[in-house]
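Here the structure comes first, spelled out in structure tokens, and everything after it is commentary.
The values are calculated or read from the model by the stated rules, or taken from the named source; none is laboratory data. Model, not experiment: these values are computed from the prediction. Neighbour counts run over all protein chains shown; Cβ positions are idealised from the backbone, glycine included. Accessible surface is based on the protein model in full, side chains and every heavy atom, while ligands, DNA and RNA are left aside. Shrake-Rupley method; radii C 1.70, N 1.55, O 1.52, S 1.80 Å.
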Amino acid sequence: MKAEPESRIVKGKDVKFSIDDLCRMEDSTSPWDGVRNYEARNILRDQMKTGDKVLFYHSNCKVPGVSGVASIVREGYPDHTAFDPDHPYYDPKSNKESPKWFMVDVKFVRKFDSIVSLAELKSHGELKDMALIKRGRLSVQPVREDEFNFILGLAATK
């Protein structure tokens, strides 16, 4: 799951969110809202299950990369930010009766001692088929178990 750790203002609101922000949330838990891509929405809605572990990825920053791990604590449900005209992720075509966008709740598990950068990820042939490497723009992507464990191993060596 991708997040932006550096400030970016959308409709007058800073949408920055880092693994440190997640850790500081009440119970270290937050909704993962604002996903406005159909493929990513389908993953949130249909594939993510309670207890699944996710890699927390910092994007749109000086050194993009995996910063830690979170877990899914609530499965897909309608993203209420789409219904709020004052919210940066408002979508006038979505409505409560037939929601277009979904979110999950994630809980902080751990922060890596240092980021496993995108450049480092790309340097390992074991990850050449990873969705992040092949389709980097998608904000929510599936990660195979072997890829997940390989990245955990990289983080452990830092």
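Within the stretch 85-112, being open to solvent by 50 Å² or more (accessible area, probe 1.4 Å) and out of contact with any strand residue (DSSP E or B) (no Cβ under 9 Å at 6 or more places or on another chain) holds for Pro85, Tyr90, Pro92, Lys93, Asn95, Glu97, Ser98.
Going by the conditions given, is Arg45 open to solvent by less than 50 Å² (accessible area, probe 1.4 Å), of a type in the set (Lys, Arg), closer than 28 Å to Val116 by Cα and touching a residue at least 40 places away in the same chain (Cβ under 8 Å)? Judged against the criteria, Arg45 is not a match.
Being within 22 Å of Cys23 (Cβ to Cβ), among the hydrophobic types (A, V, I, L, M, F, W, C) and modelled with pLDDT of 95 or more narrows it down to one residue among Phe102, Phe148, Phe83; which is it? On inspection, the qualifying residue turns out to be Phe148.
Residues in the stretch 113-127 that are open to solvent by 50 Å² or more (accessible area, probe 1.4 Å) and in a strand (DSSP E or B): Asp113, Ile115. The set of residues from the stretch 10-23 being under 15 Å from Phe56 (Cβ atoms) and either assigned to a strand (DSSP E or B) or among the small types (Gly, Ala, Ser) (or both) comprises just one member, Ser18. The single condition from (1) out of contact with any helix residue (DSSP H, G or I) (no Cβ under 8 Å at 6 or more places or on another chain); (2) hydrophobic (A, V, I, L, M, F, W, C); (3) within 13 Å of Tyr57 (Cα to Cα) that Phe112 fails is (1). Checked against the criterion of being out of contact with any Cys (no Cβ under 6 Å at 6 or more places or on another chain) and either part of a helix (DSSP H, G or I) or under 24 Å from Val10 (Cβ atoms) (or both), the candidates Val143, Val106 yield just one match: Val106.
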